[in-house]
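Structure record follows, encoded as structure tokens.
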Amino acid sequence: MSQTAQEPGTVPASRMEMGSGSISLFRAGAGDPVLFLHAAGGAGEWNPFHQRLSERFDLIAPDHPGFGLSDDLPEVGTVDDLVYHYLDVLDRLELDRVDLVGASFGGWVAAALAVHSPERFRKIVLMAPVGLRVPEAPVADLFILTPPQLVRALFSDPAMVEAVLGVQPGVDDILRSYRDMGALARYGWRPFLNDPKLERRLRRVSAPTRVVAAEHDAIVPRLHCERYAAGIPGAQLVVVPDCGHALYGERPDAVAATVIDFLTD
Amino acid sequence: MKFNWFHLMPWPYLPPDFDDVEKFPSMSLTMSNSHFDPARGVELYHRYLDELEYADQLGYDGIVVNEHHQSGYGMMPSPNIMAAALARRTSRSRIMVLGNALPLRGNPLRVAEEIAMLDHLTNGRLVSGFVRGIGWEHYAHSVSPAESRSRFNEAHDLVKKAWTTPGPFEWYGEHYEYRYVNIWPRPLQSPHPPIAVPGAGSPETMRWVAENRYMYVSVYAPTRIVKTWFDGYRKAAADLGYEPDPDNIALATPLFIGEDDASAMREARSYVEWLFHRGLRQSAEIVFPPGYMSRPAMKGLLRSGMKPYPQIPFEELVEEGYVIVGGPETVRQRIADLRDELGFGQMMTMLAIGDMPAELVRRNTELFAREVMPHFRPASAPAELAQA
């Protein structure tokens with residue numbers, strides 16, 4: 001899922017040895033540490049949403065193994081593996097407790113992390129997260145959508161759709177997004193972007209949690225956000241108006257504001 | 001040169017509005033099976049098996065079946081069932097299963113068992129192909145395309161060991177685990193049936209097929225592209241220190257032979273268009289789902305400049321070498337030229353193209369056997385043919 005054309009990256013990515021290789025991560029800002037877990041798209045790029053968060057927090061935004069500029073790390077092949085991977089990342093960074101923000105696929109990973117080690121997360125924001133098995137309202141099949149179909153499903157603003165579709169991708173762009181989607185297939189082809197056990201384990205999450213839904217989400221039906229909000233004790237659901245599943249790719253200021261408001265409240 | 005008669009067994013009865021591409025993006029995966037009519041299905045399967053048996057009678061070296069799932073493009077979810085149906089009704093042709101889609105199997109040991117059985121039923125005439133399965137079949141059977149290659153590799157190693165190593169033995173792999181591997185029967189052919197693997201330009205596949213000294217089979221592509229594949233295979237073999245037997249290089253191609261060039265071009269057009277413009281109408285997302293292709297293979301594909309099949313007009317399909325169409329002399333000459341240029345020793349001829357009616361399939365099969373095959377055989381062979 002590609003993001004909109006953004007201002008050029010102003011924060012260089014750094015590398016961190018992990019497992020059989022290394023991962024890439026952005027880290028910028030000062031204040032309380034926030035771990036941000038990206039969606040299927042958007043790895044490897046510093047975008048306005050990162051920028052806003054880094055103006056208020058110590059933002060740590062790694063690329064998942066197999067995505068963006070991170071190595072494949074063949075030993076990390078499931079979301080369960082990713083949970084241990086990110087616990088290792090936090091240990092390596094000597095961070096006992098962080099705020100946790102995850103979008104879409106990253107929202108699933110965030111929820112799984114919070115279920116596993118609730119004590120390590122102070123506050124949690126899940127943005128249009130996948131991860132729950134909801135047969136009555138399935139997540140759109142991201143793998144089978146053609147690029148134009150995917151862009152139309154991601155953004156609610158037609159002008160933004162046209163702007164994104166107006167840019168012809170080069171061979172390297174296609175290879176990059178093919179690799180990211182291939183990594184997504186590794187983690188989420190079957191079960192399709194869900195862990196059937198996750199929902200009944202959400203009760204373990206102890207941190208105050210905000211679930212952020214996009215008003216016009218054509219990829220993750222609202223019911224997923226509602227079920228997360230119902231399953232996590234005390235969680236609240238907010239809706240970003242005039243926005244598609246791309247969320248921070250479509251309305252970075254509004255989405256950053258709802259995240260920052262909650263984390264600083 | 002060996003000539004093998006390859007059937008896809010398509011569903012020819014498309015709905016009248018099939019050319020509405022919004023409604024029918026593909027004949028595979030998403031076209032509802034409400035369009036399948038069981039009564040016609042019975043007729044078709046028997047007709048198609050008759051055609052393969054006819055090829056055996058006419059002296060084709062092999063008859064070929066393959067595996068596809070949830071598709072009107074090819075209606076053999078189990079090629080092994082078709083091979084079994086052919087085993088006792090044919091006597092000379094090799095029966096080539098091209099092939100079992102290993103990554104799609106939850107239990108690949110079943111493939112080892114079925115092929116071993118077929119080897120006996122055919123009295124050692126079986127050729128065992130292994131394929132990964134097309135991208136859409138990973139949707140259809142819910143297998144991650146990102147695991148496709150490693151499942152293929154492991155399933156292959158397991159099947160081959162089950163055929164060649166006395167059991168019982170144990171198997172602990174990334175994808176499969178067995179505490180008892182001890183198949184009965186073992187294959188008849190020793191050490192195992194010949195193995196064939198189709199390739200579409202993936203460098204990993206070329207290298208792997210060359211390492212194992214298996215038969216490398218092309219898929220639909222222009223001659224200039226197939227040349228790079230066969231050259232890649234020979235190069236991989238050369239790097240390993242050997243030169244592949246031409247018998248281990250096979251060109252697969254639709255082929256239409258008419259009384260003369262003009263009538264052949266006229267007659268073939270609609271069937272070739274059916275195959276390429278309807279049968280092969282499919283998005284990149286279902287053919288190459290994420291994770292299915294390695295980076296080098298995807299890069300090669302993007303740089304090859306190959307167009308989606310439905311965008312290639314009939315004349316270009318002929319000129320570029322996706323298909324062979326012509327009168328007897330043209331077809332003979334074309335095969336001789338291609339053989340010299342590409343260096344293959346076997347052909348998988350697809351003489352039943354798209355929705356071709358039964359009588360035309362028979363004519364195509366007969367004309368090819370009579371007018372073309374004898375020219376590529378040792379002098380003694382045509383006499384045998386005549387007895388058929």
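Considering only beta bridges that DSSP places wholly inside chain B, some 10 percent are antiparallel. For B:Tyr242 and A:Asp253, the FRET efficiency from 1/(1 + (r/R0)^6), where r spans their Cβ atoms and R0 equals 51 Å, is about 0.20.
Sorting B:Arg295, A:Arg179 on the 10 Å Cβ count, fewest up front, what's the list?
Placing the least packed residue first, the sequence is B:Arg295, A:Arg179.
If R0 equals 25 Å, the separation of the Cβ atoms of A:Ile174 and B:Glu204 corresponds to a calculated FRET efficiency of about 0.80.
Rounded to the nearest 500 deg cm²/dmol, what is the calculated helix-only ellipticity per residue at 222 nm for chain B, with -39500 (n - 2.57) per DSSP H run of length n ≥ 4?
Counting only the DSSP helices, I get -13000 deg cm²/dmol.
Give, as a single signed number, the net charge of other residues whose beta carbon lies under 11 Å from the beta carbon of A:Ile124, with Lys and Arg counted +1 and Asp and Glu -1.
Numbers: positive: A:Arg120, A:Arg122, A:Lys123, A:Arg210; negative: A:Asp99.
Computed value for this residue: +3.
In units of the rule-of-thumb radius 2.2 N^0.38 Å, the stretch A:14-264 shows an alpha carbon radius of gyration of 0.92.
Let me know the Kirkwood hydrodynamic radius for the stretch B:63-115, please, with Cα pairs as the basis and the value in Å to one decimal.
Values: mean 1/r = 0.0853 Å⁻¹.
By the Kirkwood definition, the hydrodynamic radius is 11.7 Å.
Within the listed set B:Glu204, B:Glu43, B:Glu319, the residue fluctuating most in the Gaussian network model of chain B (springs between alpha-carbon atoms under 10 angstrom) is B:Glu43.
One Cα centroid belongs to the stretch A:174-209, the other to the stretch B:316-333; the line between them spans 50 Å. Summarising the strand pairing of the stretch A:14-264, around 30 percent of its internal DSSP beta bridges are antiparallel.
Kirkwood Rh and Cα-based Rg: tell me the resulting Rg over Rh for the stretch A:116-173, rounded to two decimals. The Rg/Rh ratio comes out at 1.12. On the principal axes of its alpha carbon atoms, the stretch A:97-142 extends 34, 16, 12 Å, with the longest extent given first. Since only A:Phe121, A:Met18, A:Pro241 are under comparison, the one whose Cα sits farthest along the positive direction of the charge dipole of chain A, derived from C-beta charges on Lys, Arg, Asp and Glu, is A:Phe121. The slack between B:Glu341 and B:Glu319, meaning 0.36 nm per residue of separation minus the straight C-alpha distance, is 6.4 nm. Highest mobility in the GNM of chain B, judged by mean-square fluctuation with C-alpha springs under 10 Å and restricted to B:Pro12, B:Pro357, B:Pro198, is found for B:Pro357.
For the stretch B:166-324, the Kirkwood hydrodynamic radius comes to 18.6 Å, computed from all pairs of different C-alpha atoms. The per residue volume of the convex hull around the alpha-carbon atoms of the stretch B:22-108 is 122 Å³. Rg and Dmax, both from the Cα atoms of the stretch A:152-261 and both in Å, are 16.3, 47. Magnitude of the charge dipole for the stretch B:30-80, about its Cα centre and with charges confined to Cβ atoms of Lys, Arg (+1) and Asp, Glu (-1), is about 240 debye. Working from label points 7 Å from Cα in the Cα-to-Cβ sense, the A:Gln149 to B:Lys235 distance is 3.6 nm.
For the stretch A:1-98, the pair-distance distribution built from all alpha carbon pairs, in bins 5 Å wide starting at 0, is 3, 13, 24, 26, 19, 11, 4, 0 percent. When the Cα convex hull of the stretch B:257-388 is projected onto planes of every orientation, the mean area is 9.9 nm². Ordering B:Met27, A:Pro74, A:Pro208 by Cα displacement along the dipole of the protein assembly as shown toward the positive end leaves A:Pro74 in first place; charges were set at the Cβ atoms of Lys, Arg (+1) and Asp, Glu (-1).
Between B:Pro38, B:Pro222, B:Pro187, the Gaussian network model of chain B with springs among Cα atoms under 10 angstrom shows the greatest mean-square fluctuation at B:Pro38.
Evaluated with a Cβ-only charge set (Lys, Arg +1; Asp, Glu -1), the stretch B:2-387 carries a dipole of roughly 860 debye about its Cα centre, given to the nearest 20.
With the alpha-carbon atoms of the stretch B:1-71 aligned to their principal axes, the span from lowest to highest coordinate is 43, 28, 19 Å, starting with the largest.
Assuming R0 = 25 Å, what is the FRET efficiency of B:Trp171 and A:Thr78, from their Cβ-Cβ distance, to the nearest 0.05? Walk me through the intermediate numbers first.
Values: r = 22 Å, r/R0 = 0.88.
In this case the efficiency is close to 0.70.
Percent of C-alpha pairs per 10 Å bin in chain B, short distances first: 5, 23, 35, 27, 9, 1, 0.
With distances taken between every two different alpha-carbon atoms, the stretch B:213-281 has a Kirkwood hydrodynamic radius of 14.3 Å. For the protein assembly as shown, the number of Lys pairs separated by eight or more positions or lying on different chains, with C-alpha atoms closer than 30 Å, is 15. Taking label positions 7 Å along the Cα-Cβ direction at both A:Leu95 and A:Ala30, the computed distance is 1.8 nm, reported to one decimal. The alpha carbon convex hull volume per residue for the protein assembly as shown rounds to 167 Å³. For chain A, adding -39500 (n - 2.57) for each run of n ≥ 4 DSSP H residues and dividing by the number of residues yields -10500 deg cm²/dmol at 222 nm.
Report the full-extension gain for the segment B:Ser142 to B:Gln333: residue separation times 0.36 nm, less the Cα-Cα distance, to one decimal in nm.
Gain on extension, B:Ser142 to B:Gln333, equals 64.3 nm.
Spin-label model, B:Gln311/B:Arg295: points 7 Å from Cα along the beta carbon direction are separated by 2.6 nm.
The numbers here are math on the coordinates, done by the rules we state, and not lab data. Quantities reported herein were computed from a predicted structural model and do not represent experimental measurements. Ideal geometry is used to build each Cβ from the backbone, glycine not excepted, and the neighbour counts take in all protein chains shown.
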